[in-house]
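What follows is a set of notes on a single structure, which appears directly below.
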Amino acid sequence: MIVTAGSSFWIQSLNPGHYSWIHLLAIWTLFSLVMAVRAIRWRRDRPGHVAWMVGTYVGLLIAGGLAFLPDRLLWRVFLG
């Protein structure tokens, strides 16, 4: 997830040369992963870790769903 979210900052096809609202999801993913690791490694907070990881996964599902909106690349590849 770190590699995927990090690599998204080099993809700027919606608005060439600029970032789009999708990059906010990548920032959220990186932030929540840091918080999840922090919860388990430094605070030994297993419920907190699980909550952050579930939140990250839900965000992943939302981003994946948004990637299938009409006129997006994945829409054209799989459904268009």
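Can you list residue pairs whose Cβ atoms sit under 6 Å apart, with the first residue in the range 1-21 being more than 24 Å from Gly55 (Cα to Cα) and the second being at pLDDT 75 or above? Count only pairs 6 or more apart in sequence or on different chains.
Final answer for the pair search is Leu14/Ser20.
Note down all Cβ pairs under 8 Å where the first residue falls in the range 38-50 and is surrounded by 10 or more Cβ atoms within 10 Å (Cβ to Cβ), the second is in a loop (DSSP other than H, G, I, E, B) and among the acidic types (Asp, Glu), and they're at least six residues apart or on different chains.
Ala39/Asp45
To keep it simple, each residue is scored yes or no on (1) at pLDDT 90 or above; (2) over 20 Å from Ile2 (Cβ atoms).
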| position | (1), (2) |
| --- | --- |
| Tyr19 | no, no |
| Ala26 | no, no |
| Ile40 | yes, no |
| Arg44 | yes, yes |
| Ala51 | yes, no |
| Gly64 | no, no |
| Leu69 | no, yes |
| Arg72 | no, yes |
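Inside the range 1-19, can you point out the residues that are of a type in the set (S, T, N, Q) and either surrounded by 13 or more Cβ atoms within 10 Å (Cβ to Cβ) or more than 20 Å from Asp71 (Cα to Cα) (or both)? Reasoning before the result, please.
Within the range 1-19, the subset of a type in the set (S, T, N, Q) is 4, 7-8, 12-13, 15.
Of everything in the range 1-19, those that are of a type in the set (S, T, N, Q) and either surrounded by 13 or more Cβ atoms within 10 Å (Cβ to Cβ) or more than 20 Å from Asp71 (Cα to Cα) (or both) turn out to be Thr4, Ser7, Ser8, Gln12.
Mind listing whichever residues of the range 53-62 are under 11 Å from the mean Cα position of the chain (by Cα), modelled with pLDDT of 85 or more and surrounded by 15 or more Cβ atoms within 10 Å (Cβ to Cβ)?
Gly55, Thr56
The values are calculated or read from the model by the stated rules, or taken from the named source; none is laboratory data. From a predicted model like this one, the values you see are computed outputs, not experimental measurements. Because the Cβ atoms are built from the backbone with ideal geometry, glycine has one as well, and the counts that use them run over all protein chains shown.
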